[in-house]
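Colleague: This is the structure, below, for whatever I ask next.
The values are calculated or read from the model by the stated rules, or taken from the named source; none is laboratory data. Everything quoted here is computed from the prediction, not taken from an experiment. Backbone-built Cβ (ideal geometry, glycine too); neighbour counts: all protein chains shown.
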Amino acid sequence: MGHKKNNSEAVAAEEQQNSQRAKKSKIQATSSTKTSLDFRKYTKQIWLAGLGAFSRVEEEGNKLFESLVKVGEELEHSTEQIIEQHFSHAEQRSESLVSHPKSRVDKLLEHSLQHALARLGLVTVQDLHRIESLIIELHQKVDSLAEENQELKKELKKNQLS
């Protein structure tokens with residue numbers, strides 16, 4: 001009997017272990033099924049989110065594209081105006097620099113030449129002009145004195161005759 005009791009206890013313990021194994025197996029199967037269902041659910045949600053994003057981009061993309069084209073056109077127009085202003089200003093400056101280069105070069109050369117002649121102690125064009133004006137002034141004074149002298153001579157002859 002002792003042996004039967006041990007056997008029946010062993011069988012009961014074994015049945016209990018089998019029952020626990022079956023429960024664990026069922027829990028694991030449910031868990032893996034649940035995990036599999038969760039994965040499918042998330043995968044589907046990701047797919048739907050991607051489709052939604054594609055649809056939104058398609059709708060909003062056209063609006064965004066048109067908006068960007070308008071901004072680009074405005075930027076191009078303002079850039080063209082700025083370039084025209086700068087080009088016009090540069091053109092005016094270059095015309096003013098080129099239109100009178102001879103007079104500028106002449107003035108520069110004349111100034112340099114006068115400076116060099118003055119340093120050497122030679123006569124400059126200005127000196128010649130000043131001397132010329134002095135000679136003309138002196139000539140006018142001599143002519144004026146000569147006329148006065150003739151008038152005085154005439155008066156003297158009149159006074160002597162009278």
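Colleague: Return the residue satisfying two criteria in turn: it lies in the stretch 113-130 and is outside any helix (DSSP H, G or I) and not aliphatic (A, V, I, L, M), and of such residues it is surrounded by the most Cβ atoms within 10 Å (Cβ to Cβ).
Modeller: T124
Colleague: Would you mind telling me which numbered condition in (1) at pLDDT below 80; (2) surrounded by 10 or more Cβ atoms within 10 Å (Cβ to Cβ); (3) not β-branched (V, I, T) Q140 fails?
Modeller: Unmet for Q140, out of (1) at pLDDT below 80; (2) surrounded by 10 or more Cβ atoms within 10 Å (Cβ to Cβ); (3) not β-branched (V, I, T): (1).
Colleague: Still on this structure: Please tell me if Q28 is of a type outside the set (K, R), surrounded by 10 or more Cβ atoms within 10 Å (Cβ to Cβ), assigned to a helix (DSSP H, G or I) and at pLDDT 80 or above. Working first, answer last.
Modeller: Numbers: of a type outside the set (K, R): yes; surrounded by 10 or more Cβ atoms within 10 Å (Cβ to Cβ): yes; assigned to a helix (DSSP H, G or I): yes; at pLDDT 80 or above: no.
It is false that Q28 is of a type outside the set (K, R), surrounded by 10 or more Cβ atoms within 10 Å (Cβ to Cβ), assigned to a helix (DSSP H, G or I) and at pLDDT 80 or above.
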